[in-house]
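Enquirer: Got a structure for you, written out below as structure tokens; questions coming shortly.
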Amino acid sequence: MKKILSTILFVLIACTITQPETAVAGTRTVNGAGGSFPYPIYAKWAYLYNRETDVRINYQSIGSGGGIRQVKAKSVDFGASDAPLKADDLKASGLIQFPMVVGGVVPVINLPGVAAGELKLTPALLSDIFLGKITRWNDDALKKANPEVHLPEKEITVVHRSDGSGTTWIFSNYLDKAAPAWHEKVGFGKALQWPAGIGGKGNEGVAAYVKRIGGAIGYVEYAYALQNRMTHVALRNRAGVFVEPTGKTFQAAAANADWAGAEGFYLVLTDQPGEESWPITGASFILLHKEQNDGAKAAVLLKFFDWCYRKGQTAAGELHYIPMPENVVSLVEKTWSEELRAGGQPVWP
């Protein structure tokens, strides 16, 4: 684990440095921006692919909202969002989208003496904490749900995202489905009017606040919880079973995903059925313009994504992301060949 974490730390630093496009003869540089939810795996893929090919993929973790805005403005070559765009929005913007990986969003706490997975929360309890209705860890409702856990008389500090965020979209979409009080008072989206708490920018910012503030609770992509050695909670899923976040429980949530029937690959994986399903599971999506200005650069980018699908599974698994199955990859690459053009000519294969 130490080796993996040190490698990722190096990658996260290295892949934020913009390289000149002509730095190495024959090298092409491609720029992307978007969600911090997939940043750990995109950064590691970029690092590994650069070692094989000298192609540089510069990905900036600015939040899904920023990634959508930048790709629409054509200021980056690709955008990444954890909140999928609906077909009408894609059409109006001249975009296509496709899923790259599946991962999980996890509530994390800073509560000394409480081990990972020891604190059990129902959707109603999680909702009431983030609504600001439950304000102390020794609240009777929390103690009743966790009779074997020592819960201190300590104030709860809620930490949420301050930027437009696909991680927030996934987290709030889950609460909107599973907790009626949240649905009535807040709803879901990339940016919310938060009833309580403080905001951090990116998964990185939320993780930093939770680690620093005793009694804090926040939500981050699972790789950030692993990298920062954070304490996650167990959640009661739709089947009524308390589960913890793992590759197995993310896979269980994604098992019945009908990508073939999803228009524009619009599919939401929160609150899925199944006894093993982690309830806050989501996919990360890539956004591209259908009409590419530079066919050669577009081909370079698609070769990278193809490599990620076909050779990046091990790296994804090490960070507890779930790669797309072969049948989904085939659907995606069929979309590339049918819809992506440069000067009227296909850019794939």
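The values are calculated or read from the model by the stated rules, or taken from the named source; none is laboratory data. Since this is a predicted model, take the numbers as computed values, not measurements. Methodologically, a virtual Cβ is constructed for each residue, glycine included, from the backbone with ideal geometry; neighbour enumeration extends over all protein chains shown.
Enquirer: Which count do you get for residues in the range 171-188 that are within 15 Å of the chain's Cα centre (by Cα) and either modelled with pLDDT under 95 or among the aromatic types (Phe, Trp, Tyr) (or both)?
Expert: Going through the range 171-188 one residue at a time, the tally reaches 2.
Enquirer: Quick one: is SER81 within 30 Å of GLY67 (Cβ to Cβ), among the hydroxyl-bearing types (Ser, Thr, Tyr) and touching a strand residue (DSSP E or B) at 6+ places or on another chain (Cβ under 8 Å)?
Expert: For SER81, the condition - within 30 Å of GLY67 (Cβ to Cβ), among the hydroxyl-bearing types (Ser, Thr, Tyr) and touching a strand residue (DSSP E or B) at 6+ places or on another chain (Cβ under 8 Å) - is met.
Enquirer: For the range 299-346, give me each residue that is part of a loop (DSSP other than H, G, I, E, B) and at pLDDT 95 or above.
Expert: If the condition is that a residue be part of a loop (DSSP other than H, G, I, E, B) and at pLDDT 95 or above, then GLY312, LEU340 are the ones that fit.
Enquirer: Could you give every pair whose Cβ atoms fall below 8 Å, whose first residue belongs to the range 111-139 and is within 22 Å of ARG238 (Cα to Cα) and in the same structural domain as LYS185 (by TED's automatic domain parsing), and whose second residue is part of a loop (DSSP other than H, G, I, E, B) and acidic (Asp, Glu), counting only separations of at least 6 or pairs across chains?
Expert: Short answer, once both residue conditions are applied: ALA116/GLU244; GLY117/GLU244.
Enquirer: Let me ask something else about it. Which numbered condition in (1) more than 17 Å from SER165 (Cβ to Cβ); (2) crowded, with 21+ Cβ neighbours inside 10 Å is the only one that ASN203 fails?
Expert: All conditions are met except number (1).
Enquirer: If you don't mind, there's one more thing I want to ask. Just wondering, is there one or more residues in the range 301-324 that are among the aliphatic types (A, V, I, L, M) and over 17 Å from the mean Cα position of the chain (by Cα)?
Expert: Yes, that holds for at least one residue.
Enquirer: Which one is surrounded by the fewest Cβ atoms within 10 Å (Cβ to Cβ) among residues in the range 231-248 that are within 17 Å of the chain's Cα centre (by Cα) and under 23 Å from SER64 (Cβ atoms)?
Expert: Once the filter is applied, the top-ranked residue is GLY247.
Enquirer: Any idea which of (1) within 13 Å of TRP259 (Cβ to Cβ); (2) without any contact (Cβ under 8 Å) to a residue 60 or more places away in the chain; (3) of a type in the set (A, V, I, L, M) is the one VAL328 doesn't satisfy?
Expert: The one condition VAL328 does not meet is (2).
Enquirer: Given the residues PRO112, PRO99, which is the only one that is at pLDDT 95 or above and farther than 22 Å from SER162 by Cβ?
Expert: That would be PRO99, the only listed residue that is at pLDDT 95 or above and farther than 22 Å from SER162 by Cβ.
Enquirer: So SER36 fits all but one of (1) modelled with pLDDT of 90 or more; (2) surrounded by 14 or more Cβ atoms within 10 Å (Cβ to Cβ); what number is the exception?
Expert: For SER36, the failing item is (1).
Enquirer: Still on this structure: Only one of (1) in contact with a helix residue (DSSP H, G or I) (Cβ under 7 Å, 6 or more places away or on another chain); (2) surrounded by 22 or more Cβ atoms within 10 Å (Cβ to Cβ); (3) farther than 24 Å from TRP45 by Cα fails for GLU276. Which number is that?
Expert: The single condition GLU276 does not satisfy is (2).
Enquirer: Just checking, which of LYS2, LYS44 is surrounded by fewer than 23 Cβ atoms within 10 Å (Cβ to Cβ) and either more than 19 Å from SER165 (Cα to Cα) or at pLDDT 50 or above (or both)?
Expert: LYS2
Enquirer: Would you mind telling me which numbered condition in (1) under 18 Å from the mean Cα position of the chain (by Cα); (2) hydroxyl-bearing (Ser, Thr, Tyr); (3) surrounded by fewer than 19 Cβ atoms within 10 Å (Cβ to Cβ) TYR219 fails?
Expert: (3)
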